[in-house]
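> Structure in structure tokens, see below.
What follows draws every value from the coordinates through simple rules; no lab data is involved. Values in this document were obtained by computation on a predicted structure and should not be read as measured data. Cβ atoms come from the backbone with ideal geometry, glycine included; neighbour counts cover every protein chain shown.
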Amino acid sequence: MRRQGTALAGSARQEADLAASFLEASDSPLLPKTPQGDLTRAVGIVTSRAARIGPRVALLLADFVVVSVCELVAVSIVHQTPTDGSASALGPDLMLGAVLPLAATLAFLANGLYKRWPRQLMVNTFSELRDVVYALAVAGCFVLGINHLFGDLEVRASFAPVTIVVALLFSVFTIPIARGLVRAGLRAAAVEHFRVLIVGSGMMASHLLRYLSWDPRITVVGCVDDDPTPGTEVLGSIDDLSDVCHEHAVDQVIVSFSRTHPAEAIQRLQALNPKIAISIVPRYFELLTWRSSVKEIAGLAIIDVAPGSLSVGAQVAKRAFDICFGSLIVLLLSPLFIASAIAVKLSSPGPVFFRQTRIGRGGEPFVMLKFRSMYADAEKRRSDPELTQANEVDGPLFKMQDDPRVTRVGAWLRRSSFDELPQLFNVLSGDMSLVGPRPFIPAEAGQIAGSAARRFDVRPGMTGLWQISGRSHLSYDELKRLDYLYVASWSLLWDLKILWHTPARVLRGHGAF
């Protein structure tokens with residue numbers, strides 16, 4: 001065990017020179033030990049504790065109202081007024097129908113959908129979809145049983161089973177939307193709040209701080225470490241972990257690569273309040289995907305690395321999804337296509353579309369379409385030494401936030417990502433996919449080697465993990481890791497999840513330039 005700790009410590013020390021700017025990479029949530037800092041901490045703690053109930057109540061009310069409305073709609077569709085002069089059963093049906101919203105709410109509660117549990121730090125509506133469907137199915141079975149019981153007792157109120165089924169189908173589609181709107185409102189009102197403590201102070205801690213800072217609900221109170229990297233302020237050592245969590249009302253502890261001996265860290269983590277969630281960034285995390293599974297051998301947890309390839313069936317399913325969903329998007333957004341094309345044409349001389357050679361699946365080149373966002377001579381000006389020196393990303397990529405070659409209309413198109421809408425035609429023609437790795441130009445693609453070349457196993461995408469994880473703010477190494485992660489973890493459900501998150505990321509404009 002001591003030998004393992006020595007290895008971990010040595011590996012962590014190699015990260016020291018890469019993490020010297022830990023505090024500079026953030027907006028400094030690590031408050032100084034001043035009266036003003038203490039006051040800010042106190043306000044944050046009170047806010048965190050007061051916000052534990054509000055979001056749960058809001059979600060509960062939204063679910064109850066949505067299921068009730070869906071049931072009323074189902075009753076209005078299915079119910080028929082008797083034509084033989086007998087009394088209508090609509091009133092008793094509605095009384096019996098009140099059981100469904102109550103049963104659904106209780107099923108959601110039992111399924112953990114109202115937990116203010118810190119393990120739901122990065123929870124989102126899409127990730128809850130399976131639990132929502134399961135809870136609605138349980139509630140539906142319960143109400144059908146009640147309905148059958150009422151029928152056996154010859155009570156006049158009797159819901160047709162089709163009414164319950166229709167109500168549940170409506171609920172499956174509307175509840176995720178309602179929950180998403182509630183969470184957006186809570187986020188805008190800064191009601192929901194999470195406080196996170198990082199164990200460790202190296203490069204991974206710096207990455208975590210940057211990733212978590214993108215979510216306005218999350219406050220990283222700081223980090224603890226026995227031997228912090230140079231230039232990093234910590235709130236204490238591992239021995240102080242429990243006290244720091246109590247003092248700062250920490251909801252979740254994330255363990256990155258600390259220099260502390262593993263045995264000592266484990267003891268301190270096991271002694272934490274059970275209500276404080278613990279998450280661990282594993283070594284060799286670059287190899288792990290959501291398809292990786294945890295197994296047990298003689299009490300030892302073993303993580304399997306999922307194979308990084310797409311089967312023939314998966315490729316066929318992905319292509320069919322691209323054609324069907326891409327055609328629907330083109331039809332729905334056709335007015336926006338026309339408006340954008342007119343704006344580009346009136347903004348500056350030149351064609352409406354920008355055509356550029358990109359590298360697709362198998363390393364084959366194709367012509368990618370975008371709405372032109374730069375002046376017509378932008379490619380010639382690319383070789384300007386001043387522009388080359390102003391590049392703001394590493395590796396073979398070229399990006400700069402205030403690019404003088406971008407037109408005023410083009411800047412708006414880029415911030416909103418509307419300039420990429422013509423790529424839908426590339427999707428329909430088979431050169432691209434709705435979701436996939438970022439399409440590179442030949443000069444950039446020619447410098448990609450090793451495991452990063454796995455990106456060429458699939459079609460490049462209009463959106464992808466790079467789009468919802470930082471876009472232009474990502475380093476070249478992070479782009480390579482995300483591309484490998486996508487190829488190794490592909491599933492149709494994951495494509496849907498990425499598409500679900502894309503509109504919110506686009507509207508926020510984070511990393512778009």
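> Please give the charge dipole size of the range 322-382, origin at the Cα centre, charges +1 on K and R Cβ atoms and -1 on D and E Cβ atoms. Round to the nearest 20 debye.
Dipole of the range 322-382, to the nearest 20 debye: 240 debye.
> Quick check on packing: order 490-500, 447-457, 432-442, 326-336 by the mean number of other C-beta atoms within 10 Å, highest mean leading. Could you put the intermediate results ahead of the total?
Numbers: 490-500: 17.7, 447-457: 16.2, 432-442: 23.1, 326-336: 12.5.
Ranked from most to least packed, the peptides come out as 432-442, 490-500, 447-457, 326-336.
> Roughly how many whole Å is it from the C-alpha centroid of the range 431-492 to that of the range 273-327?
17 Å
> Ordered by packing density, taken as the mean number of other Cβ atoms within 10 Å over each peptide's residues, highest first, how do 318-325, 269-276 rank? Mind showing how you got there, number by number?
Working: 318-325: 15.5, 269-276: 11.6.
In decreasing order of mean packing, 318-325, 269-276 become 318-325, 269-276.
> For T229, T407, what's the fewest-to-most ordering of other Cβ within 10 Å of each Cβ?
In order of increasing Cβ crowding within 10 Å: T407, T229.
> Using only the alpha-carbon atoms of the range 266-342, report the extent along each of the three principal axes, biggest first, to the nearest angstrom.
Computed over the range 266-342, the largest-to-smallest principal extents equal 64, 34, 20 Å.
> Collect residues whose amide H, placed 1.01 Å from N in the peptide plane, falls under 5 Å from the amide H of D226; neighbours closer than 5 in sequence don't count.
I238, R259, T260
> Please report V57, V224, V253 as a ranked list, fewest other C-beta atoms within 10 angstrom at the top and most at the bottom. Display every interim value, and only then the final one.
On the way: V57 10, V224 27, V253 22.
With the sparsest Cβ surroundings first, the list reads V57, V253, V224.
> Which order do peptides 62-70, 418-426, 286-294 fall in by mean Cβ count within 10 Å, highest first?
Ranked by mean Cβ neighbours within 10 Å, highest first: 418-426, 62-70, 286-294.
> Here's another thing I want to ask about it. Please list, in order along the range 126-132, the HN-Hα scalar couplings obtained from phi with the Karplus expression 6.51 cos²θ - 1.76 cosθ + 1.60 (θ = phi - 60°), rounded to whole Hz, x for Gly and Pro.
Ordered by residue, 3J(HN,Hα) equals 5, 5, 8, 4, 5, 5, 5 Hz.
> For each pair in K318/K370; K318/K480; K345/K497; K318/K345; K345/K480; K115/K497, compute the distance between the two Cα atoms and list the pairs where it is over 28 Å.
Pairs exceeding the cut-off: K345/K497; K318/K345; K345/K480.
> Can you list residues from other chains, or at least 5 along the same chain, whose modelled amide H is less than 5 Å from the amide H of I218?
Here F194 satisfy the definition.
> Still on this structure, please answer the following. Can you work out the Karplus-derived ³J(HN,Hα) for every residue in the range 365-371? Use 6.51 cos²θ - 1.76 cosθ + 1.60 with θ = phi - 60°, whole Hz, and x for glycine or proline.
Each residue's phi maps through the Karplus curve to give x, 8, 9, 8, 9, 8, 5 Hz.
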